[in-house]
Amino acid sequence: MEFYNPSGTPVLAAADGTVYYAGDDTARKFSPWSGFYGNIVVLEHPLPRVPFDRLYTLYAHLSKIDVSSGQNVTAGEIIGEVGLTGTAFGSHLHFEVRVDPNDYGSTLNPELWLVPHPGNGTMAFQFLDKSGMPIHPLENKVQYIPDPNHPSAADYYPEVYSFESLISTSPFQETAVLGDLPAGLYRVTFLWEGVLYERWVEIQPGKLTRVMFVVK
C-alpha cells in the first residue's frame, strides 16, 4: 500500500512489536534488487491468535529512521519519517505486511490487517470457478446503499489480485479486498461470460466480512 504524504511526515508503528531491521536496503536486501526500498524499517509482531505465529510490517522510502534493530516499539510510536529514498517517484510511505520478512513473495494484503476506523469494517472477496480456481471477472462494483429506497451513497471497484502468490499465502484465500468501509448494506455485482452476478452484503463495524462467488 502507498500512503502519499510530504517528506518529513511521521511514520507510526502499526502494532506493538520489535524492530527486526532498520537501515538502508543496500546493506541488506528485502526485494528482488538492492536499493529498491531505500531507508527501511521492518517490525516483527507476535500474533498468537491468528493463523501465523507472527507477522512483519515493512515501512520503506523513509527520509529518516528513528529506531534501531532489536528495539521494542508500541503501536502508534514514531519509527521514522516519510521520504523518497530508493526507487520512489514522489514522497510516500510504502507499507507491506509479510509472513516472512526476507521473502518478497510472502506479502499479504494490508487491507486485511489494518484496523478500520470506528464504525467501519472490511470486505474480502473470493471470485472462483466451479473447480475452485480464481477468476478475474469484469466490471466489479460494490455499491454502498444504507437505504434500499435511495441510490447508492458511494461506489467502489475492487481490484482482483493479479498474482496467485497473494492468494496462496493468505489464510482467507481472498482474491480482492476493500478495507475501511462504512458499516451498512452493500450490493456487489460483476460480469462473467455475459452473466451478471449479484449479492447483497451487510458490513458490521470492526469486523471482516467474507463474500464468496462461485460461477457455474
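When each of Pro148, Pro137 is tested for being in the same structural domain as Glu159 (by TED's automatic domain parsing) and free of Cβ contacts under 8 Å to residues at least 60 places away in the same chain, the lone residue that passes is Pro148. Among the candidates Val142, Val97, Val82, which residue alone is β-branched (Val, Ile, Thr), over 29 Å from His61 (Cα atoms) and either free of Cβ contacts under 8 Å to residues at least 12 places away in the same chain or surrounded by 19 or more Cβ atoms within 10 Å (Cβ to Cβ) (or both)? Just a single option satisfies the conditions, and that option is Val142. Among the residues making up segment 1-25, those that are more than 20 Å from the chain's Cα centre (by Cα) and surrounded by fewer than 13 Cβ atoms within 10 Å (Cβ to Cβ) are Pro6, Gly8. Look at Pro205 and say whether it is under 15 Å from Met123 (Cα atoms), at pLDDT 95 or above and surrounded by fewer than 17 Cβ atoms within 10 Å (Cβ to Cβ). Taking the combined requirement at face value, the residue satisfies it. Among the strands (runs of 3 or more DSSP E) confined to segment 4-53, the ones with at least 3 residues that are of a type in the set (A, V, I, L, M, F, W, C) are located at 39-46.
Does Asp155 meet the test of being more than 14 Å from the chain's Cα centre (by Cα) and in a strand (DSSP E or B)?
The answer is yes for Asp155.
The values are calculated or read from the model by the stated rules, or taken from the named source; none is laboratory data. Treat the numbers as computed from the prediction; the structure is a model and nothing was measured. Virtual Cβ from ideal backbone geometry, glycine too; neighbours counted across all protein chains shown.
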